[in-house]
Each structure stands twice: as C-alpha cells, then as structure tokens.
Amino acid sequence: MSLEEYKGVFIFAQQVDNELSSIALELLGKAKDLANDLDEKKVTAVLLGDNVGGLVDTLAEYGADRVIVVDDPELKDYRTEPYTHALASVINEYKPEILLVGATAIGRDLGPRVSSRVHTGLTADCTQLDIGDFPLEPKEGVEQKHKQLLMTRPAFGGNTIATIACPDFRPQMATVRPGVMQKIAPVKGAKAEVVNYNPGFAENDCYTKILEIVKAVSEVEDIQEAKILVSGGRGVGSPENFKILEDLAKVLHGTVSCSRAVVDSGWKPKDLQVGQTGKTVRPKVYFAIGISGAIQHVAGMEESDLIIAINKDENAPIFDVADYGVVGDLNKIVPALTKKIEEALAAKG
C-alpha cells in the first residue's frame with residue numbers, strides 16, 4: 001500500500017428514505033476542520049441510495065465540495081452487502097486519506113465491514129478527532145509520524161479515554177458518535193462538484209432480501225434535539241421523584257434526560273441517557289440535578305451553552321463544569337424553581 005496515493009477527507013453521507021441523517025451534516029463540519037489541518041482543499045461526501053440526487057445541494061450547503069453519488073435500485077434500502085460493496089469500491093477508486101462514518105445502527109454495521117474489505121483499521125464510537133503526531137510523545141527507536149488522524153474514544157466501559165491512530169494503512173477510518181461534532185452554518189446556494197460512480201452490483205450469497213419494513217414510532221423524545229434538558233441522577237432518589245423534574249421540564253418546554261446510574265437502576269430508558277455510554281447533547285440549557293459529575297457523564301454534556309447544577313454535595317465534580325450551581329436539597333429547590341418560573345411566565349401573560 002502506497003500511503004502517498006491516498007488524499008482528501010471523505011464522509012459517508014447516510015440517508016434513510018431519501019432524507020439525510022443529521023450525522024452526515026455533523027461529519028461534514030468536522031471534515032472541514034480536518035481538511036484545513038491537512039492543507040486539503042476539498043471535502044468529499046459519498047452518497048449511496050436510489051434516486052438520491054436531490055440531496056446533493058444540501059450536502060453542498062453544509063460543506064461538501066464534491067459529492068460522489070452511487071445511485072442504484074440495489075441501494076434503495078440499507079442492506080449490508082450492496083452498501084459495503086459500493087463504499088469499498090469508492091475507496092478503491094478514489095483513495096481517501098480519511099473516511100468518517102456516523103456511529104449509527106447503519107454506520108456500526110457498515111464501517112467495520114468496509115474497513116475489513118479494504119484492509120485498514122477502524123476506530124469505533126469516537127468522541128474527538130484531531131490531526132497530530134503519533135505516537136503522541138516521541139519514543140526512542142519508534143518513528144513519530146506527522147499529520148495523522150488521532151481518534152479518541154471511551155474504552156473499558158467508559159472508565160478511560162483512548163487515543164488511537166492508524167499510521168500504516170489507509171484510509172484512516174472512524175465511526176463518530178451523533179451529536180458530538182457540530183454542523184457548520186449552511187451556505188445557501190452553495191454547489192458541489194458531482195461525480196456519478198457505479199461499480200455495478202452482482203447479487204451473491206451474502207445478499208439479503210427485505211420482505212417487510214415495519215416502522216415503529218418511539219414514544220421517547222430525542223434528547224439530542226432538545227434545546228432544554230432537565231437531567232437527573234441517582235441523587236433524585238427514586239423513579240417516582242422524577243416527577244418534580246418532569247414538572248420543571250414542562251414549564252420550560254424542555255425534555256427530561258438522565259445519567260447512567262438512573263438507567264442502570266431501571267428508572268429510565270437508555271434512550272434518555274447522557275454520557276460516554278449514552279448520548280452526547282448540546283442543549284441551550286442543561287440542568288444537572290442530583291448528578292455527581294463523573295467524567296463519563298460530563299463528556300456527554302459539557303458543550304451545553306449553559307449548565308445549571310443542583311446538588312446537596314458542595315464538593316460534587318459537577319460544579320467544576322457548571323455555569324451556575326445551587327447547593328441544597330433538590331426536593332425543595334426544584335419545586336420552588338418551577339413555581340417561580342410559572343409565576344414569571346404568568347406575569348408575562
């Protein structure tokens with residue numbers, strides 16, 4: 001493998017039912033940063049599907065300079081083998097230096113299979129991506145390579161953080177958690193170079209047939225889309241006591257979320273969990289109520305615009321990241337806060 005042949009930063013632009021997934025736009029924002037650090041001029045999105053050409057302009061507005069489109073009826077719905085064949089063929093043809101994939105249900109299935117197909121490594125579930133030297137510190141007898149993709153992810157159940165590189169193979173591949181990277185502001189009317197590429201599809205014994213698609217409607221709100229989150233931890237005391245958090249969220253038109261301890265206790269579903277082993281969120285306001293502030297939780301919410309912590313332990317680590325902190329009994333503070341907000345809203349009419 002000649003590493004010099006591999007150039008550019010690519011992202012897999014996931015779409016479902018001809019609608020781009022938010023993670024595709026988030027990856028474009030990060031890809032622009034990485035491309036700048038590598039002195040690359042173009043960011044390329046790889047768009048797979050059937051009749052998906054109408055999505056190209058949106059990708060351009062969010063930062064794609066080029067869009068490689070593989071448009072084929074075999075790609076109408078996600079199936080492992082045809083998607084793997086398509087993306088691996090794009091890699092072999094266009095030789096990207098970096099390829100980013102969203103750590104979604106689709107991406108977690110597709111990414112490892114593609115990396116194996118093209119004989120490279122993949123770092124899964126990344127929460128941070130940088131360009132730098134590897135090894136991070138010079139070591140005697142070990143060549144330190146420059147401008148490598150440094151991929152950071154939680155390891156050992158979120159108890160430590162690992163930074164991983166792939167210096168000897170290309171592309172450098174990572175799956176990235178939704179909600180971690182920020183979209184850039186769209187540039188209305190921006191256009192991208194469009195490359196239509198189709199490697200051809202010959203059905204083999206790994207092809208599956210989709211007999212029926214049943215779409216379930218989740219009754220749990222998407223905490224990654226919420227502007228205001230009222231998040232509770234073990235300190236809330238019981239599942240019944242979450243009622244006072246729900247009351248606060250209701251008057252603020254916010255959403256309730258929680259820490260891992262709450263999920264582990266069976267009080268709330270995992271879809272509401274914030275943290276390294278849950279979801280990464282960036283709301284305008286984040287209430288951390290009865291949450292101690294372990295590093296695994298903080299990693300999932302520290303980019304919130306405003307953090308308000310309520311905890312009876314004045315030494316709780318959550319106060320180190322909070323913009324405002326209240327020390328005291330949440331059972332008294334939260335209902336009082338809810339009442340004051342209700343009164344203020346009523347006064348406004």
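The values are calculated or read from the model by the stated rules, or taken from the named source; none is laboratory data. The model shown is predicted, which means the values in this text are computed figures rather than measured ones. Neighbour counts run over all protein chains shown; Cβ positions are idealised from the backbone, glycine included.
Here V67, V9, V46, V52 are screened, and the one residue that is more than 14 Å from V195 (Cα to Cα), hydrophobic (A, V, I, L, M, F, W, C) and crowded, with 19+ Cβ neighbours inside 10 Å is V9. Screening the candidates G29, G8 for the property of being within 25 Å of K145 (Cβ to Cβ) and in the same structural domain as D109 (by TED's automatic domain parsing) yields one hit, G8.
One residue alone among A185, A162 is outside any strand (DSSP E or B), of a type outside the set (K, R) and without any contact (Cβ under 8 Å) to a residue 24 or more places away in the chain, and that residue is A185.
Residues in segment 187-210 that are of a type outside the set (F, W, Y), at pLDDT below 90 and in contact with a helix residue (DSSP H, G or I) (Cβ under 6 Å, 6 or more places away or on another chain): C206 only. Of all residues in segment 133-157, those that are touching a Lys or Arg at 6+ places or on another chain (Cβ under 8 Å) and surrounded by fewer than 19 Cβ atoms within 10 Å (Cβ to Cβ) total 1. Tell me which strands (runs of 3 or more DSSP E) are completely within segment 249-349 and hold 2 or more residues being of a type in the set (S, T, Y) and outside the structural domain of V176 (by TED's automatic domain parsing), or say none if there are none. Those strands (runs of 3 or more DSSP E) span 255-258.
Per-residue answers, yes or no, for (1) of a type in the set (D, E, K, R); (2) surrounded by 23 or more Cβ atoms within 10 Å (Cβ to Cβ); (3) without any contact (Cβ under 8 Å) to a residue 24 or more places away in the chain:
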{"position": "H253", "(1), (2), (3)": "no, no, no"}
{"position": "K268", "(1), (2), (3)": "yes, no, no"}
{"position": "D271", "(1), (2), (3)": "yes, no, no"}
{"position": "H297", "(1), (2), (3)": "no, yes, no"}
{"position": "P335", "(1), (2), (3)": "no, no, no"}
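Flag not set for K340, criterion: at pLDDT below 90 and more than 21 Å from D222 (Cα to Cα).
Condition test on N311, is it more than 27 Å from the chain's Cα centre (by Cα) and buried (at least 17 other Cβ atoms within 10 Å of the Cβ)?
Numbers: more than 27 Å from the chain's Cα centre (by Cα): yes; buried (at least 17 other Cβ atoms within 10 Å of the Cβ): yes.
When the stated conditions are applied, N311 passes them.
Looking at I106, I184, I164 in this structure, which one is in contact with a helix residue (DSSP H, G or I) (Cβ under 6 Å, 6 or more places away or on another chain) and either assigned by TED's automatic domain parsing to the domain that holds S304 or surrounded by fewer than 21 Cβ atoms within 10 Å (Cβ to Cβ) (or both)? Sole residue among the options that is in contact with a helix residue (DSSP H, G or I) (Cβ under 6 Å, 6 or more places away or on another chain) and either assigned by TED's automatic domain parsing to the domain that holds S304 or surrounded by fewer than 21 Cβ atoms within 10 Å (Cβ to Cβ) (or both): I184. Scanning segment 144-152 for residues that are assigned by TED's automatic domain parsing to the domain that holds I131, in a strand (DSSP E or B) and either touching a His at 6+ places or on another chain (Cβ under 7 Å) or without any contact (Cβ under 8 Å) to a residue 12 or more places away in the chain (or both) turns up nothing.
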